[in-house]
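Structure record follows, encoded as structure tokens.
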Amino acid sequence: MKQMSFFDYSEEAYQPLAARMRPQSLDEFVGQEQLVKPGGILRRLIESDNISSMIFWGPPGVGKTTLAQIIAKHTKASFINFSAVTSGIKEIRTVMQQAEENRHFGERTIVFVDEIHRFNKAQQDAFLPFVEKGSIVLIGATTENPSFEINGALLSRCRVFVLHELTPENIETLLRRALTDERGYGGQDIRIDQEMLGMIASFANGDARTALSVLEMVILNGDISTDEGHEVITVSRDTLEQCISRKALLYDKKGEQHYNLISALHKSMRNSDADAAVYWLARMLEAGEDPLYVARRVVRFAAEDVGLADPQAMPIAVAAYQACHYIGMPECSVNLTEAVVYMALAPKSNAMETAYYAARDDARNSLDEPVPLVIRNGVTKLMRDLDYGKGYQYAHDYEEKLTAMQCLPDSLKDRRYYQPTDQGREKEFGERHRQILDWKKKHREDR
């Protein structure tokens with residue numbers, strides 16, 4: 001069977017910048033250093049042409065299809081490109097039959113399936129017997145969690161490689177290459193500030209395809225002039241803002257504006273101002289902020305500023321983080337809004353933060369304090385002979401499920417770190433805390 005190419009463009013057909021700049025070798029590949037650095041496991045497999053069935057899992061624009069294309073260039077096997085969007089059972093069976101014939105002649109067949117998660121169970125099952133008996137090597141690419149979207153039997157026969165979002169530095173490297181490489185704009189005089197390249201990299205949110213598409217758009221819409229007889233294209237800040245529909249919202253994720261906005265969000269939630277919190281959230285997301293960064297801060301807020309005043313705040317924050325991870329922008333903006341509004345309206349308590357910091361200070365000053373023998377784990381005879389665990393009282397053996405046993409070092413035995421407030425449900429926790437302390441004090445005095 002004739003080897004199918006990734007792109008069926010004629011030489012005259014126009015290719016977008018992202019397609020023209022697609023890396024042709026591992027040396028050109030940017031990002032995913034954990035896999036493709038010299039000596040990295042995936043690099044060794046590709047360079048030795050010893051490919052086994054695998055799944056590339058990662059967000060859009062991080063190099064899944066590019067890695068498959070590089071494999072196609074390196075392998076001596078027949079390489080077939082499939083799209084889960086346009087291919088059905090009939091096409092799969094036709095290709096599998098040809099692969100089986102190739103195997104009888106000693107020729108390997110590698111089948112690359114882009115967006116493999118779009119195949120239904122029956123379509124995925126059609127690959128399984130051919131993967132099992134070695135007729136094909138299957139390479140799948142997916143943006144969805146393979147555990148949920150790929151049949152267990154098929155997944156168990158594939159190695160999963162996780163590809164991460166590209167860093168802004170990775171993307172700036174790709175943008176600069178596009179400006180100097182002949183496949184991009186190397187033969188033209190393009191003038192664009194480094195700051196604007198950083199803005200594009202920030203806006204792209206780890207997606208190289210998006211970044212290169214934006215660069216192409218701003219250059220096509222740049223101001224054309226002449227300088228000493230040759231054409232110059234100058235990209236202005238206004239052109240950039242118009243092309244990506246961002247009006248003065250772009251900001252450096254490592255700069256002051258980044259920290260100013262997250263501070264505004266945090267303090268608006270702390271001040272129970274739901275409207276302001278949603279506004280600052282929108283400012284960050286529309287400026288291209290990573291939603292997972294915002295979600296992590298909301299998770300922190302749930303413990304730092306709400307705590308046991310509303311124990312549901314933490315699971316809601318964590319659920320919002322998971323939603324951001326699973327569905328990404330722009331859909332997860334609503335999940336984050338729900339979490340942010342919940343945090344703003346929840347009763348507030350910083351007792352968790354103050355408890356930890358008070359304990360931290362004592363811990364730093366008493367790192368050599370021994371663990372009381374009574375709560376050490378006497379797992380060997382020698383330990384038990386040294387009184388490890390001697391006198392330990394198992395709380396479940398007592399009617400009150402409490403004992404007066406001392407668990408802090410002697411030098412800290414009367415320290416109180418948790419200081420509950422009267423906000424929300426923490427009032428209940430505080431009352432329980434006081435009851436326990438009173439009970440223990442009474443029973444220690446009675447001993």
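The values are calculated or read from the model by the stated rules, or taken from the named source; none is laboratory data. What you see is a predicted model; the values in this text were computed from it and never measured. Neighbour counts run over all protein chains shown; Cβ positions are idealised from the backbone, glycine included. Surface accessibility is based on the protein's heavy atoms, side chains included, excluding ligands, DNA and RNA. Shrake-Rupley method; radii C 1.70, N 1.55, O 1.52, S 1.80 Å.
Does any residue of region 129-143 turn out to be at pLDDT 85 or above, touching a His at 6+ places or on another chain (Cβ under 9 Å) and part of a loop (DSSP other than H, G, I, E, B)?
Yes: region 129-143 contains one or more residues that are at pLDDT 85 or above, touching a His at 6+ places or on another chain (Cβ under 9 Å) and part of a loop (DSSP other than H, G, I, E, B).
Which pairs do you get when a residue that is on the phi > 0 side of the Ramachandran plot, found in region 275-286, comes within reach of a residue that is in a helix (DSSP H, G or I) and crowded, with 16+ Cβ neighbours inside 10 Å, reach meaning Cβ atoms under 7 angstrom, with the pair 6+ apart or on two chains?
Close Cβ pairs (under 7 Å, with a partner that is in a helix (DSSP H, G or I) and crowded, with 16+ Cβ neighbours inside 10 Å) do not exist here.
Can you tell me which residues in region 97-122 are open to solvent by less than 20 Å² (accessible area, probe 1.4 Å) and either part of a loop (DSSP other than H, G, I, E, B) or over 21 Å from THR142 (Cα atoms) (or both)?
Once the filter is applied, which keeps residues that are open to solvent by less than 20 Å² (accessible area, probe 1.4 Å) and either part of a loop (DSSP other than H, G, I, E, B) or over 21 Å from THR142 (Cα atoms) (or both), region 97-122 yields ALA99, ASN102, PHE119.
Taking the condition of being open to solvent by 10 Å² or more (accessible area, probe 1.4 Å) and either hydroxyl-bearing (Ser, Thr, Tyr) or touching a residue at least 24 places away in the same chain (Cβ under 8 Å) (or both), how many residues in region 331-345 meet it?
5
Residue by residue through region 167-213, note down the ones that are in contact (Cβ under 8 Å) with a residue 24 or more places away in the chain and among the β-branched types (Val, Ile, Thr).
THR167, ILE171, THR173, ILE190, ILE192, ILE200, THR210, listed by residue number.
Filter region 341-398 down to residues that are of a type in the set (Val, Ile, Thr) and out of contact with any Gly (no Cβ under 6 Å at 6 or more places or on another chain) and give me whichever is modelled with the lowest pLDDT.
Per the criteria, the residue is VAL379.
Considering only residues that are closer than 21 Å to VAL374 by Cβ and not in a loop (DSSP other than H, G, I, E, B), look in region 403-435 and name the one that is least open to solvent (accessible area, probe 1.4 Å).
Checking each candidate, the answer is LEU412.
What are the residues in region 36-60 that are open to solvent by less than 10 Å² (accessible area, probe 1.4 Å) and of a type outside the set (Val, Ile, Thr), if any?
Hits for region 36-60 are GLY40, LEU42, MET54, PHE56, GLY58.
Taking helices (runs of 4 or more DSSP H) that fall entirely within region 328-402, which contain at least 1 residues that are over 30 Å from GLU289 (Cα atoms) and not polar (S, T, N, Q)?
Filter on region 328-402 gives 351-365, 381-385.
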